[in-house]
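Report on the structure given below.
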Amino acid sequence: MEIKITKAATLKEKPDSSALGFGKIFTDHMFIMDWNVDKGWYNARIVPFGNISLHPASTVLHYGSEIFEGLKAYRRADGKVQLFRPMENIRRMNNSAERLCLPQIPEEDALQALETFVSLEQDWTPSAEGTSLYLRPFMFGNDETLGVHAVHNATFAIIASPVGSYYKEGINPVKIMIEDEDVRAVRGGTGYAKCGGNYAASNRAGERAEKKGYSQVLWLDGVERKYIEEVGAMNVMFMINDEIVTPMLSGSILPGITRKSCIEVLKKAGYKVSERLLSVDELGEALENGSLKEAWGCGTAAVVSPIGELCYKDVKYTINNGEIGKVTQMLYDTLTGIQWGKLQDTFGWTYPIK
Ligand SMILES: *Cc1c(COP(=O)(O)O)cnc(C)c1O
């Protein structure tokens with residue numbers, strides 16, 4: 001694939017690493033390419049970062065044809081920049097695209113786009129502890145008509161944002177509320193796709209939880225509202241006695257790359273991991289009788305996020321005295337160690353940028 005590069009006339013000043021939040025500052029350039037059902041992908045280019053102009057009837061604005069990915073570039077101690085399992089993001093994006101009738105991107109083209117873009121922007125990868133360059137690939141339907149059908153035109157882009165450490169004041173366990181009213185996804189729907197629409201439908205419950213002092217909601221399945229699914233933007237794991245339980249990928253849960261990596265690290269360390277149904281009753285019992293030892297969420301943004309309190313139908317349960325547990329800490333240390341290049345990557349997960 002040929003990528004035409006047009007460099008920005010002037011480069012922005014890099015922010016101080018203490019001023020980084022999440023997704024507020026963007027780099028100098030962006031990758032973008034277009035697709036047409038007859039032409040395929042065309043006009044792959046890197047251009048100065050800026051607004052995208054859309055026809056007012058553009059599909060994405062009316063029918064929500066949009067998918068995205070999230071991954072990070074990490075600055076290693078030796079100054080090199082590396083990605084973490086980028087092919088996993090590329091494959092998941094194509095799975096999401098299939099679900100929303102958006103076009104597939106050949107894996108090698110998507111990797112080339114990512115690599116070329118990150119290589120050009122790598123000076124934006126901050127080096128302070130816990131900071132990284134967040135990469136946001138996204139694709140949307142872009143037909144200029146109000147007719148409803150699988151799209152004939154689409155756009156794929158990648159933008160990048162230097163982000164601060166998720167844990168500025170140490171790893172503080174979060175409070176999570178089990179949501180028993182709204183549901184996020186149902187089997188047969190778009191739950192396994194990383195699409196904007198899932199988030200649009202989640203916001204109401206998230207806002208309600210926040211008003212009550214909880215940082216995110218824990219979703220139950222959309223049919224029986226009985227089985228645990230996942231947290232807002234993270235998958236979830238529970239250590240019940242010596243079994244680590246995480247909801248199985250039933251079609252309504254996002255197949256997280258951090259989830260997959262946690263499972264591989266845990267299995268290698270000799271833990272018993274079960275991907276299975278976990279009912280809210282079983283979880284409640286484990287909370288009551290003390291067999292729930294640890295609970296954590298896992299996703300790219302936080303890596304792992306210990307859960308210190310769970311609330312269900314207004315009853316509050318404290319987990320592990322509201323502190324991070326041993327297994328959660330081990331996962332955090334292992335994954336961040338590999339990502340920032342402090343630990344040897346025995347899994348072959350890292351992808352250095354030239
Ligand atoms: C992105 C995402 C996750 C986490 O996936 P990672 O690949 O680990 O970052 C979990 N749940 C939802 C709903 C997500 O959008």
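The values are calculated or read from the model by the stated rules, or taken from the named source; none is laboratory data. Note that this is a predicted model, so its numbers are computed, not measured. A quick note on method: Cβ atoms are made from the backbone with ideal geometry, for glycine too, and the neighbour counts reach across all protein chains shown.
Return yes when R45 is of a type in the set (D, E, K, R), in contact with a Lys or Arg (Cβ under 9 Å, 6 or more places away or on another chain) and within 16 Å of the ligand (Cβ to nearest atom) and no when it is not. Considered against the rule, which asks whether it is of a type in the set (D, E, K, R), in contact with a Lys or Arg (Cβ under 9 Å, 6 or more places away or on another chain) and within 16 Å of the ligand (Cβ to nearest atom), R45 comes out as no.
Among the listed residues T346, T318, T300, which satisfies the condition of being within 16 Å of the ligand (Cβ to nearest atom) and not small (G, A, S)? Write out each step before concluding.
Working: T346 fails: within 16 Å of the ligand (Cβ to nearest atom); T318 fails: within 16 Å of the ligand (Cβ to nearest atom).
Step by step, each of T346, T318, T300 is checked, and only T300 is within 16 Å of the ligand (Cβ to nearest atom) and not small (G, A, S).
Apart from one condition, R259 fits all of (1) of a type outside the set (F, W, Y); (2) part of a strand (DSSP E or B); (3) surrounded by 22 or more Cβ atoms within 10 Å (Cβ to Cβ); the exception is (2).
Only one of these is touching a helix residue (DSSP H, G or I) at 6+ places or on another chain (Cβ under 6 Å) and either of a type in the set (D, E) or in a loop (DSSP other than H, G, I, E, B) (or both): E309, E294, E285. Name it.
Details: E309 fails: touching a helix residue (DSSP H, G or I) at 6+ places or on another chain (Cβ under 6 Å); E285 fails: touching a helix residue (DSSP H, G or I) at 6+ places or on another chain (Cβ under 6 Å).
After ruling out the rest, the residue left standing is E294.
Scanning region 225-258 for residues that are of a type outside the set (G, A, S), over 24 Å from Q329 (Cβ atoms) and within 14 Å of the ligand (Cβ to nearest atom) yields E229, L249, I253, L254, P255.
Could you list, in sequence order, the residues of region 312-323 that are on the phi < 0 side of the Ramachandran plot and out of contact with any helix residue (DSSP H, G or I) (no Cβ under 8 Å at 6 or more places or on another chain)? Steps first, answer last, please.
In the first step, residues of region 312-323 are kept if they are on the phi < 0 side of the Ramachandran plot; the result is 312, 315-319, 323.
Those that are on the phi < 0 side of the Ramachandran plot and out of contact with any helix residue (DSSP H, G or I) (no Cβ under 8 Å at 6 or more places or on another chain): V315, K316, T318, E323.
Being under 14 Å from the mean Cα position of the chain (by Cα), on the phi > 0 side of the Ramachandran plot, within 14 Å of the ligand (Cβ to nearest atom) and of a type in the set (K, R) is not true of R136.
Tell me, please, whether a residue that is within 12 Å of the ligand (Cβ to nearest atom), out of contact with any Gly (no Cβ under 7 Å at 6 or more places or on another chain), closer than 24 Å to E285 by Cβ and not hydrophobic (A, V, I, L, M, F, W, C) can be found in region 178-191.
First pass over region 178-191, keeping only residues within 12 Å of the ligand (Cβ to nearest atom): 184-185, 190-191.
This time we only want the ones that are out of contact with any Gly (no Cβ under 7 Å at 6 or more places or on another chain), so: none.
Within region 178-191, not a single residue is within 12 Å of the ligand (Cβ to nearest atom), out of contact with any Gly (no Cβ under 7 Å at 6 or more places or on another chain), closer than 24 Å to E285 by Cβ and not hydrophobic (A, V, I, L, M, F, W, C).
Within region 199-233, track down each residue that is assigned to a helix (DSSP H, G or I) and exposed (fewer than 14 other Cβ atoms within 10 Å of the Cβ). Within region 199-233, A200, N203, R204, E207, E210, K211 meet the criteria.
The set of residues in region 83-125 being surrounded by fewer than 22 Cβ atoms within 10 Å (Cβ to Cβ), within 20 Å of the chain's Cα centre (by Cα) and over 22 Å from P255 (Cα atoms) consists of E115 alone.
Mind counting the residues in region 1-19 that are at pLDDT 95 or above and among the polar types (S, T, N, Q)? Looking only at that region, the number is 2.
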